[in-house]
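Have a look at the structure below, then the notes.
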Amino acid sequence: MTSPIPFAIDFHVHSDDSYDGHEPIELILEHAADIGLDGVVITDHDEIGESVRAAELAPEYGLVGIPGVEVSTRHGHLLAIGVEERPDPGQPFMETVETVRQLGGIAIVPHPFQRSRHGVRKRHIKDADAIEVYNSMLFTGYRNRRARTFARRRNYPGIGASDAHYLPNVGRAYTEILV
């Protein structure tokens, strides 16, 4: 029997296709490979075109290709990982979670409780697939600790991610998955 192999994936990265991103996907993919990541998910705000393209190009850089998008739900942001089609923005949180699943993806709550960044409030987080328990762009550890406690108490899997909007931040946090 073989031992599981760890894959380091940064599930929350923005490209220049996002209104607040600054880097082209080719540069992001090259950087991810250079720093030893196994994959990045481009999660632009309500835009999925460059993410799908990045997932297609990823093998050329020695990376796993996973498409995704950061969807603006009525109750805050939601990462839709593994989807090739963008769920409609502005829908209720739970409806968006169900749409993500119907599209074959997983629904992850990014930067929960951080209202200034459109984080979902506790009362709306029901039945997500995972919680971002470490976001490298938070200035203090309070919101990450709160997210970690919330996820642990409710038995949600936790992920770490960079939430990078600039190249040097890609990979500042990532999640290791054993396959």
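Details
- Segment ASP88-VAL179, length gained on full extension (0.36 nm per residue, minus Cα span): 29.6 nm
- The accessible surface of the stretch 1-123, taken with every protein chain in place and a 1.4 Å probe, is 48 percent carbon and sulfur.
- Applying both filters, DSSP loop and at most 11 other Cβ atoms within 10 Å, to the chymotrypsin sites (Phe, Trp or Tyr not before Pro) of the stretch 1-87 gives TYR19.
- Within the chain, percent of DSSP bridges classed antiparallel, to nearest 5: 50
- Sites count as exposed loop sites when they are trypsin sites (Lys or Arg not before Pro), lie in a DSSP loop, and have at most 15 other Cβ atoms within 10 angstrom; the longest stretch of the chain without one is 1-73.
- For the chain, the longest principal axis of the C-alpha atoms and the axis of helix 142-153 are separated by about 80°.
- log₁₀ of I(q)/I(0) at q = 0.28, 0.29, 0.32 Å⁻¹ - the stretch 13-54, Debye sum with one point per alpha carbon: -0.93, -0.98, -1.13
- Estimated 222 nm signal from helices in the chain, with DSSP H stretches of n ≥ 4 weighted -39500 (n - 2.57), rounded to 500: -7000 deg cm²/dmol
- Cα-based helix-to-principal-axis angle, 25-34 vs the chain, degrees rounded to 10: 70
- Dipole in debye (nearest 20) - the stretch 27-179, about Cα centre, beta carbon charges: Lys, Arg +1; Asp, Glu -1: 1400
- Environment charge of ILE9, counting only residues whose C-beta is closer than 10 Å and scoring Lys/Arg +1, Asp/Glu -1: -3
- Value of Rg to Rh for the chain, rounded to two decimals, is 0.94; Kirkwood radius and Rg both from alpha-carbon coordinates.
- Solvent-accessible surface of the chain, taken per residue with a 1.4 Å probe and all protein chains present: 48 Å².
The values are calculated or read from the model by the stated rules, or taken from the named source; none is laboratory data. The structure presented is a predicted model; accordingly, all values stated were derived computationally and were not measured. For neighbour counting, all protein chains shown are included, and Cβ atoms are generated from backbone atoms with ideal geometry for every residue, glycine included. Please note that ligands, DNA and RNA were not included when accessible areas were found on the heavy atoms of the full protein model with its side chains. Shrake-Rupley method; radii C 1.70, N 1.55, O 1.52, S 1.80 Å.
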